[in-house]
1. Quick one: is LEU276 open to solvent by less than 70 Å² (accessible area, probe 1.4 Å) and modelled with pLDDT of 85 or more?
2. Any idea which residue in region 127-154 is surrounded by the fewest Cβ atoms within 10 Å (Cβ to Cβ), counting only those that are of a type in the set (Gly, Ala, Ser) and touching a residue at least 12 places away in the same chain (Cβ under 8 Å)?
3. For ARG448, which of the numbered conditions (1) modelled with pLDDT under 85; (2) surrounded by 19 or more Cβ atoms within 10 Å (Cβ to Cβ); (3) in contact with a strand residue (DSSP E or B) (Cβ under 6 Å, 6 or more places away or on another chain) fails to hold?
4. Being touching a residue at least 24 places away in the same chain (Cβ under 8 Å), hydrophobic (A, V, I, L, M, F, W, C) and open to solvent by 60 Å² or more (accessible area, probe 1.4 Å) is the filter here; which residues of region 392-444 pass it?
5. Please determine, by comparing only the residues of region 318-331 that are touching a Lys or Arg at 6+ places or on another chain (Cβ under 9 Å) and within 15 Å of GLU308 (Cβ to Cβ), which one is least open to solvent (accessible area, probe 1.4 Å).
6. Name the single residue that is farthest from ALA353 (Cα to Cα) among those in region 316-330 being outside any loop (DSSP other than H, G, I, E, B) and of a type in the set (A, V, I, L, M).
7. Can you report the number of residues in region 317-339 which are more than 20 Å from ILE375 (Cα to Cα) and out of contact with any strand residue (DSSP E or B) (no Cβ under 9 Å at 6 or more places or on another chain)?
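The values are calculated or read from the model by the stated rules, or taken from the named source; none is laboratory data. The shown structure was predicted, so the numbers you read here are calculated from the model rather than taken from an experiment. All Cβ positions, glycine included, derive from the backbone under ideal geometry; neighbour counts span all protein chains shown. What goes into the accessible areas is simple: the full protein's heavy atoms, side chains included, and nothing from ligands, DNA or RNA. Shrake-Rupley method; radii C 1.70, N 1.55, O 1.52, S 1.80 Å.
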Amino acid sequence: MLLKNIIKAKGELFPFLDINILQDRLGWSIKLRWLAIAGYFMATLVAKYLMEFKIPYHLIWLTLCILLIINIFYFLVQKFLKNISFFTELFILSVHIFVDLVFLSLLLHFSGGVENPIYLFYLFHVVLSSIVFPRSYPYLFSTLVVILFALLLFAEYSGILPHYSIFGAHLHLNLSAIGLTLFVFAITVYVTTYICLGFMKIFRESKQVIDKQNLELQKANQQRMQFFRYASHELKSPIVAIKTTIDSVLANFGKEINPAGVDLLQRASNRAEQMLSIIKDLLELSKAQQRTLNKTTEVINVNRVLDEVIAQEGVLAAEKRINLILDVNFDSLTVHMHKDDLEKILRNLVNNAIRYTSEEGSVTVKAIKDKNQLIFQISDTGIGIEEKDIDHIFNEFYRAENAKNMVGMGTGLGLSLVKQIVESYGGKIEVKSKLNKGSTFTVYLPLRTH
């Protein structure tokens with residue numbers, strides 16, 4: 001129960017954050033601190049040798065060395081301490097900000113105190129805390145910033161701490177100037193916090209709306225897939241019965257029916273076959289959208305699957321006198337995935353290439369093992385795809401006009417199915433095409449070793 005409450009609190013308070021984002025921000029902060037340390041060191045060299053400021057450089061450099069050691073520690077923690085919780089990482093970031101504020105106060109003290117405008121650097125941490133922490137928590141850091149700066153000014157004014165002047169103006173002894181500086185600084189800090197929190201509130205509310213809408217879209221998509229499955233199952237049997245009956249009539253009584261009647265029955269059979277093809281693709285599409293890589297996979301031989309697909313699709317290629325070429329750059333390769341998935345990817349792409357290539361054209365299927373990925377390239381000399389259609393060809397039910405004109409039957413689901421299968425394995429698919437010149441579909445699949 002406690003764990004559920006913690007997870008719920010995390011989701012409500014930190015809708016934009018997860019452990020990876022926090023680690024990225026810590027990494028960014030560590031890198032920024034390297035630059036800050038180097039930059040401050042270079043600035044002190046300029047101040048010492050060019051501007052001849054009379055400040056304790058040895059104390060500044062000692063402070064920078066300690067900060068450097070702390071940053072190395074942060075770096076090692078982030079690099080080697082991986083299995084930590086979200087709130088532990090958040091605690092580390094809080095300590096991270098607090099330590100930065102303390103060391104910034106030390107550097108400010110050794111570098112001129114109120115005379116040095118680097119006290120404005122406090123605002124960086126105010127902004128960072130406002131981005132990361134929700135509700136009123138950033139005001140705690142803002143208050144800490146004001147208190148640290150006020151204590152420094154008071155300590156130098158009262159003589160508790162020595163003042164290291166850079167301009168010789170003795171501004172630290174001018175109570176009116178100190179009061180005005182502190183007042184303006186405090187207002188700036190709190191207004192900055194208020195503005196940042198206002199923006200973050202808008203962002204968090206927007207994120208919640210987006211998450212809600214995304215959840216509704218997921219539910220709607222699930223309902224659509226359920227409808228696809230239900231409708232497909234319910235429609236399949238009667239359509240099979242209709243087609244079987246028509247084909248039986250043609251086979252047994254075709255000679256007794258006049259040619260016009262035979263033609264009508266043949267058209268009805270073809271339409272029934274088209275409906276069965278649509279139903280099959282709808283079922284495959286619904287399965288693809290539920291596919292996850294957590295399912296048990298099998299070790300399959302890529303070469304064998306390629307040979308089977310080429311043999312099956314080679315029949316259609318031979319009918320159209322199309323030169324079907326297979327080019328593989330490896331002798332034998334096994335991968336971990338569902339055999340049916342790889343077959344569907346290759347069969348759909350190769351079949352499309354053959355169907356939309358005119359007679360005596362060519363289709364080339366390349367399989368390439370490149371480091372940690374498996375690449376398939378299916379190229380043809382077919383009708384190509386218009387530029388306006390390329391961004392839509394992976395949409396469900398979409399078919400380009402020139403494709404419809406060349407091949408009347410088609411569902412427009414094949415490429416959508418291929419894309420979903422490929423992406424379910426963490427891969428991607430790309431297409432390059434020129435109208436009347438041909439197309440090349442490239443599939444990138446990461447090689448899984450287990």
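1. Details: open to solvent by less than 70 Å² (accessible area, probe 1.4 Å): yes; modelled with pLDDT of 85 or more: no.
Taking the combined requirement at face value, the residue does not satisfy it.
2. Step one: of region 127-154, the residues of a type in the set (Gly, Ala, Ser) are 129-130, 136, 142, 150.
From the residues that got through so far, the ones that are touching a residue at least 12 places away in the same chain (Cβ under 8 Å) too are 129-130, 142, 150.
Details: SER129: 25, SER130: 23, SER142: 26, ALA150: 14.
Filtering region 127-154 for residues that are of a type in the set (Gly, Ala, Ser) and touching a residue at least 12 places away in the same chain (Cβ under 8 Å), the one surrounded by the fewest Cβ atoms within 10 Å (Cβ to Cβ) comes out as ALA150.
3. That leaves (2) as the condition not met.
4. Of everything in region 392-444, those that are touching a residue at least 24 places away in the same chain (Cβ under 8 Å), hydrophobic (A, V, I, L, M, F, W, C) and open to solvent by 60 Å² or more (accessible area, probe 1.4 Å) turn out to be MET406, MET409, LEU435.
5. First pass over region 318-331, keeping only residues touching a Lys or Arg at 6+ places or on another chain (Cβ under 9 Å): 320, 325-330.
Next, from what is left, pick out any that are within 15 Å of GLU308 (Cβ to Cβ): 326, 328.
Numbers: LEU326: 64, VAL328: 48 Å².
Step by step, filter region 318-331, then rank; the result is VAL328.
6. Going through the qualifying residues, I end up with VAL328.
7. Residues meeting the conditions: 3.
Residues checked against (1) farther than 25 Å from LEU140 by Cβ; (2) of a type in the set (Val, Ile, Thr); (3) touching a helix residue (DSSP H, G or I) at 6+ places or on another chain (Cβ under 9 Å); (4) open to solvent by 60 Å² or more (accessible area, probe 1.4 Å):
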position	(1), (2), (3), (4)
PHE185	no, no, yes, no
THR192	no, yes, yes, no
ASN214	yes, no, no, yes
ILE239	yes, yes, yes, no
